[in-house]
Amino acid sequence: MWWIESHNICFVESILGRTYVALRCRFFWNNMSCVLVCSTLTDPVAFGKCLVAIKENAFHASPYPVCVTLEDHLTSELQAHAAEMILRIFGDALFYPPTNAAMKEFPSPEDLKGRIIVSTKPPKEYLEAEPGAKTAAQNKGVVKELQKEDKQKEPLSDKVGNLDINKGASPRGAKGVPGAAARGLSGDSDSDDDDTKKNPNYSRLITIRQVKPVKGTALKDRLVNEESVKRISLAESKVKDVAEEFPELLVKFTQRNILRVYPAGTRIDSSNYNPVLSWNHGAQMVALNMQGYGKELWQAHGRFRSNGGCGYVLKPRFLLENLRGSLFNPLAHRSPEMKLTVKVMMSLGWDKAFSKRHFDLFSPPDFFTRVLIAGVPADIAKWKTQPVEDTWVPHWNEETVFELRVPELALLRVEVRDDDEESKDEFEGQTCLPVSELKNGYRCVQLYDKTGAELNGVKMLFHFQKEYLHRSSGLSAPPAFLSPLTPSA
């Protein structure tokens, strides 16, 4: 099983080159016509436009499969129409099981090269309370409108661009769903549902499925391995609670099944939660808001620099199987496995990337470097150099030593800041690197801005030295990270 680069996004400009894409599907009314769109609080985008963008750009960064998760707020008839669009646009690139029977194990990324697979992130059946005959009549009208839109030359995205969601929704209820407000139902739930209740033409396209838990089932009872594999979705807060109370159970579940973690619905500012906690417990799909930026997103960039940046990283052996007869527990006490020495030497290229007065009106910047470790709680650490005053090419030549208990899960995060005695130190550049990928010796490292874009020509020189303290331990065996296609020695 792999860690999969995952993003909680729903607009076309951000889906290019990503391994995992989440689309929230609704229909909205615009001058009595219905448009199937992908939306949250961002501007809605035509569903067909999203699918076309995914198809055209899916494998630019990597040949490995792209997983599209659909959070559908659609009735059965609309699901059938969405299924037709998916089949027509994705064509032969779409992979789905030959039968409706649940899979015994998930196929590997190597087996699915060049393919697009569909997963589910369905809300509650918020339309199920509507009287049957009335719902059926409305759905038929909606499907006819959608089919008319498909035949028109004018792109759906053009119509959606002028769409006023709030205005269109008001006469028909909340979220643009007929009668939704009258029933007091919401279409924004992130809870799991049962794929077997979906339109059969739609449900057969779902490769990674989830099953609705029986009402009253405790979360602990859902994290049980069964004969067939499944996927469940948990909000960031629930994962935190389970990790604190049942960490080994969470690890055992993710050895065979897929766990998807998503941001809290209150993060309307596109902020993010710490993904490291979920990775430490084996969660494969840790979805982040790509619209924002910050250390959480930088850590995701660092995690997926492994394995050539293909979007899939093989989890360490202790998250895949029980070593020494026990399950891995990120909270357990253990002795250091590695001594990592980091020497921060120098940085250059700042004067080429920025104007002379960018940092200070009257003098060159006063750079210092922060070095931080993210990983299991016992490995979290931070350190910083002294500021080097008034220079565009700072030479620090300072070093520190980190003792790591679980180096396979550790990330080395670097920030360069401009020291300011009168106000808060200003962020200038950053990078994040998986410790498992670091090589001993002198290394020149590219720096990035807050959004993760390269700072053109800005680099740092480090010296790294990794010393394994207990090579006999199953936790720190380097061969486990050579390649997702090469068995561990």
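Computed from the coordinates by the stated procedures, all read-outs in this text should not be read as laboratory data. Predicted, not measured: the structure shown is a model, and the values here were computed from it. Positions of Cβ are generated from backbone atoms using ideal geometry, with glycine treated the same way; all protein chains shown enter the neighbour counts.
Loop-only trypsin sites (Lys or Arg not before Pro) in the stretch 376-441, please: DSSP not H, G, I, E or B, and at most 12 other Cβ atoms within 10 Å.
Passing both the DSSP loop test and the Cβ count: LYS424, LYS439.
Note down the magnitude of the dipole of the stretch 233-324 about its Cα centre, charges +1 on Lys and Arg C-beta and -1 on Asp and Glu C-beta and zero elsewhere, to the nearest 20 debye.
I would put it at about 340 debye.
Would you mind ranking VAL118, VAL344 so that the residue whose beta carbon has the fewest other beta carbons within 10 Å leads the list?
Fewest to most other Cβ atoms nearby, the residues stand as VAL118, VAL344.
Among the trypsin sites (Lys or Arg not before Pro) in the stretch 283-335, which ones are in a DSSP loop with at most 10 other Cβ atoms within 10 Å of the Cβ? Mind listing them?
ARG324
Based on the mean of other beta carbon atoms within 10 Å per residue, what is the order of 73-80, 243-250, most packed first?
Descending packing order for the listed peptides: 73-80, 243-250.
To the nearest 0.05, how large is the calculated FRET efficiency for LEU361 and ARG334 if R₀ is 35 Å and r is the Cβ-Cβ distance?
0.10
Fewest to most neighbouring Cβ within 10 Å: what's the order for VAL68, VAL229, VAL21, VAL242?
VAL229, VAL242, VAL68, VAL21
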